[in-house]
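> This is the structure I have questions about; it appears just below.
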Amino acid sequence: MQRTATGWTCRPLRPSRPSIKHSDRLKEIVNHIGWPTRDLVGLKATQAAYMVIQHAGHDIEFQNRCLGLMVDLVAQGELPASYVALLTDRIRVFQDEPQVFGTQMTMKRNEMGMMVPTPTVPIEDEQHLDDRRALMGMAPHGQFVEAIQIAYEASLNDPGTAFAEVPTSGD
């Protein structure tokens with residue numbers, strides 16, 4: 001994350017060594033067996049592979065390769081469609097392109113000075129956003145934004161929540 005004048009944004013400055021190490025290992029696995037599915041490696045390892053590729057913004061080419069594999073697996077019912085939506089938007093954020101599904105958000109101060117969830121980069125064709133999200137089995141964007149806001153506000157009252165670890169501008 002990077003602090004900006006109005007909040008925090010999710011653009012990698014440089015990848016961490018663990019991110020590169022995990023991404024390189026995942027690349028070896030993908031080269032050997034394709035995308036690691038539940039049948040091949042189990043649910044936890046499949047989920048871990050997804051987390052690794054989500055954070056491999058230093059290697060957009062590999063992210064795009066995995067995205068193609070994941071699209072095919074979603075069509076076969078092997079992966080949740082939301083994985084494709086999240087990775088699609090993540091890649092677009094790293095390339096400073098508009099999001100398709102509105103999944104990449106940051107907290108920024110609005111005109112009244114309140115911290116509110118805000119898209120990290122603009123969202124493409126917002127008029128049809130909820131239609132695209134529905135196709136991926138995702139809640140409407142307004143509900144998603146509301147859930148982020150509720151989690152953020154709860155974190156202010158309970159420093160033990162995960163959201164409490166996210167710094168905000170003005171702190």
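The values are calculated or read from the model by the stated rules, or taken from the named source; none is laboratory data. Owing to the predicted nature of the structure, the values given are computational and were not obtained by experimental measurement. Please note: Cβ atoms are built from the backbone with ideal geometry, for glycine as well, and neighbour counts cover all protein chains shown. Surface accessibility is based on the protein's heavy atoms, side chains included, excluding ligands, DNA and RNA. Shrake-Rupley method; radii C 1.70, N 1.55, O 1.52, S 1.80 Å.
> Calculated FRET efficiency, ALA75 and ALA151, Cβ-Cβ r, R0 45 Å, to nearest 0.05?
Values: r = 32 Å, r/R0 = 0.70.
The calculated FRET efficiency here is 0.90.
> In nanometres, what is the gap between the two model label sites at LYS44 and ARG109, each 7 Å from Cα along Cα-to-Cβ?
4.4 nm
> Oh, and also: Quick one: net charge around GLN63, please, counting Lys, Arg +1 and Asp, Glu -1 for every other residue with C-beta under 14 Å from its C-beta.
Details: positive: LYS27, ARG65, ARG90, ARG92; negative: ASP24, ASP59, GLU61, ASP89, GLU97.
Combined, the nearby Lys, Arg, Asp and Glu give -1.
> Once you place label points 7 Å from the Cα toward the Cβ at HIS32 and ASP131, how far apart are they in nm?
According to this spin-label approximation, the distance is 4.5 nm.
> How much of the accessible area of the stretch 8-161, probe 1.4 Å, is carbon plus sulfur, in whole percent? Don't skip to the answer; put the middle values down first.
Values: 4750 of 8680 Å².
In the stretch 8-161, the share of accessible area belonging to carbon and sulfur is 55 percent.
> Not counting ligands, DNA or RNA, and with a 1.4 Å probe, what is ILE29's accessible surface area in Å² rounded to the nearest 10?
Using a 1.4 Å probe on the heavy atoms, I get roughly 50 Å².
> Here's something else I'd like to know. I want the local charge near LEU26. Using Cβ-Cβ distances under 12 Å, sum +1 for each Lys or Arg and -1 for each Asp or Glu among the other residues.
Numbers: positive: LYS21, ARG25, LYS27, ARG65; negative: ASP24, GLU28, ASP59.
Taking every other residue near LEU26 into account, the sum is +1.
> MET105's amide H: which non-local residues (gap 5+, or another chain) put their own amide H closer than 5 Å, with H modeled 1.01 Å from N in plane and none for Pro or chain starts?
The list, which skips near neighbours in sequence, is THR120.
> How would MET105, MET51 rank on accessible area, largest to smallest, probe 1.4 Å? Intermediate values should be presented prior to the final figure.
Values: MET105 35, MET51 100 Å².
Order by accessible area, largest first: MET51, MET105.
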